[in-house]
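The values are calculated or read from the model by the stated rules, or taken from the named source; none is laboratory data. Keep in mind that what you see is a predicted model, and the values were worked out from it rather than measured. So basically every Cβ, Gly included, is an ideal-geometry build from the backbone, and we count neighbours across all protein chains shown. Note: areas computed on protein heavy atoms with side chains; ligands, DNA, RNA excluded. Shrake-Rupley method; radii C 1.70, N 1.55, O 1.52, S 1.80 Å.
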Amino acid sequence: MEAARGSLPPPALKLLLALVLLLLLAAGSLPQRASADGGVRYDYRAYTECKPHPEPALYNGGVLRWASKITDFRTEDEGNYSPAFVLYNMSAAMAYSFSCWVKIDGPASAHVKAKILTLENAASQCIGTALVRNDCWSFLKGGFVLNSSSQTSVLYFQTASPNASTISIRSASLQPFSPEQWNQHREDRIQLIRKRFVNVHVSDENGSRVVGAKVAVRQITRDFPFGSAISRSIIGNRPYQEWFAKRFNAAVFENELKWYATEPAPGKEDYAAADELLQFVQSSDVVARGHNIFWEDPRYTPAWVKNLTGSQLRAAVAGRIGSLLSRYKGDFVHWDVSNELLHFDFYENRLGGNATAEFFDTARRADPLATLFLNDFNVVEACDDLSSSADSYAARLRQLADGGVTFEGIGLEGHFGKPNIPYVRAVLDKLGTLRLPIWLTEVDISSTFDQRTQAAYLEEVLREGFAHPAVDGMMLWTAMGANASCYQMCLTDANFTNLPAGDVVDRLLEEWQTREVLGATNDRGSFNFSAFLGEYKLSVNYQNLTAEGTFSLARSDDTKHINVRLLSGPA
């Protein structure tokens, strides 16, 4: 959802401005005017561990490099608002990346938010959060794009704990990027992580290089999983099936695997719809995510399960895992074991704090080939939801790991309002330090926007996800219902004619694959090109000689070398 915006109450605003002036007098200098440095590359460094001493500022502080002269920014204001920096002539055309190290006095830990306040309209926007401690330094990384340019803005800090009377800031950095720079960073990363250089060397039967051999390369499959949710409405619907299979290589069932769908009454299991959906995806060579085993939100827990306690509930959850995973063992590449655990605790509240660890352990033994995920919302979508900040997610993973859980995947739902793309990238940077596969699992854009705005926002989110080195796959939450409706966003109309969002998806799919490469070997007998990761068919022709084969491109920094020998006789 859209990053929260609001106005400070007048007394708080006056206090903030007064403290800002005091800070500027103490600093002895004003911040520099924000300007873009054409040579600056985006810095993906991030930290989720608390450190005894802060690291140096990214970008040498960027437009805040003047702040390095001040050893510490501290404020004592009863933990409400903490002024930091006055910023002049901020442009709505720029993307700003912000980071700093934070420490508090008072409670053992508290969430601290960084916010940007534009003085023209007194509207504030959350731009980053950190779970901060009093015995070490925590890294806060975020970012923002202003809705409109601002002559004067204030970047300040706010703690969620009223007992944190002092906030300390070190190594602050604010780096602006133009749209051209931001997009170029994406393209550079795509070349690095989604594509690979290939060198095809052609020789004759004597091992001599062949000059002028014609080389044709055609992509067969794509390596990066990009898919969508589907529902029972696709069953028996040939146009829908053909439309889906033409585009996607991954699928997730919208509701058909959820407990309330497969066992609406105790012992009354119904897997008919899920079985038919699985048959469709397998016949289409599409991989499927298993969503989900348990949904922690009590609103979506089967009504009969909510009435169980103690041993009865334990027996029911054991039966759920056993039935589901024995039936589909090896059929799903992922299982969302605990859905929305950061926000809800239905099972742990009733079965104890080790319930989730038991779920993961049981699922691991039942289906050892599947990758097990946590899955939650508002991690990349919203800055103000402290339950699902990057630090909250990391802390929950560490807590469960201490209980014996081996984690394998991070699921980020991605139900966006207006996306804050610099913030999205910063969150992915932080979660990427955990070295686990990250998937955007349920991407859509709120229906409060018109279709063209939805499409524009969707393109930004998908481009950011595809270009980020920590993201291993993306799923759209665009299953079409029986009446051609979707949860928030559809890709087509009832006749499978693309809506604007569908045009975006098709354009990106075309852009992110190497359909065909044609060329000829040079004077060294080589033909070089760059191609997206995946499986390929290769054909080489020279005079009356032909060689054919297949090869795969997996992620690697090394060039893929393929040697082809043209033989005049039978191989």
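Quick notes on this structure:
- Sparse-neighbourhood loop sites, GluC sites (Glu not before Pro) in region 319-368 - DSSP loop, at most 11 other Cβ within 10 angstrom: none
- Restricting the calculation to Cα atoms, region 229-348 yields a radius of gyration followed by a Dmax of 15.1, 48 Å.
- Theoretical ellipticity at 222 nm over the chain - DSSP helices of four or more residues, -39500 (n - 2.57) apiece, nearest 500: -8500 deg cm²/dmol
- Cα centroid of region 227-282 to Cα centroid of region 485-546, whole Å: 27 Å
- Sparse-neighbour loop sites [GluC sites (Glu not before Pro); region 241-339; at most 16 other C-beta within 10 Å; DSSP]: GLU269
- Surface exposure of region 485-539, expressed per residue as accessible area with a 1.4 Å probe, stands at 45 Å².
- Rg of the Cα atoms in region 252-293, relative to 2.2 N^0.38 Å, amounts to 1.19.
- Computed on the Cα trace of region 83-187, the radius of gyration divided by the Kirkwood hydrodynamic radius gives Rg/Rh = 1.01.
- Loop sites in region 421-452: trypsin sites (Lys or Arg not before Pro), DSSP, at most 16 other Cβ within 10 Å: ARG435
- At a Cβ-Cβ separation cutoff of 4.7 angstrom, cysteine residues of the chain with no neighbouring cysteine are CYS100.
- If R0 equals 35 Å, the separation of the Cβ atoms of LEU119 and ASN183 corresponds to a calculated FRET efficiency of about 0.70.
- Expressed in units of 2.2 N^0.38 Å, where N is the residue count, the Cα radius of gyration of the chain is 1.08.
- Residue-by-residue Karplus 3J(HN,Hα) for region 468-483, coefficients 6.51, -1.76, 1.60, Hz, glycine and proline x: 8, x, 8, 8, 9, x, 9, 10, 8, 9, 10, 4, 8, x, 4, 9
- Viscosity 0.890 mPa s, temperature 25 °C, Stokes-Einstein D of region 297-436 from Kirkwood C-alpha radius, µm²/s: 153 µm²/s
- Dimensions of region 448-540 from C-alpha coordinates, computed as largest minus smallest value along each principal axis and given longest first, are 59, 31, 20 Å.
- Residues ALA547 and ARG209, FRET efficiency given R0 of 22 Å [Cβ-Cβ distance, rounded to 0.05]: 0.95
- Expressed as a whole percent, the accessible area of the chain that falls on carbon and sulfur atoms is 48 (1.4 Å probe).
- Nearest-0.05 FRET efficiency for THR448 and LYS51, computed from C-beta distance (R0 41 Å): 0.50
- Taking the three principal axes of the alpha carbon atoms in region 417-571, the coordinate ranges are 66, 43, 25 Å, sorted in descending order.
- Expressed to the nearest 5 percent, the antiparallel share of DSSP beta bridges inside the chain is 65 percent.
- Ligands, DNA and RNA are left out, and with a 1.4 angstrom probe the accessible area of region 311-392 is 34 Å² per residue.
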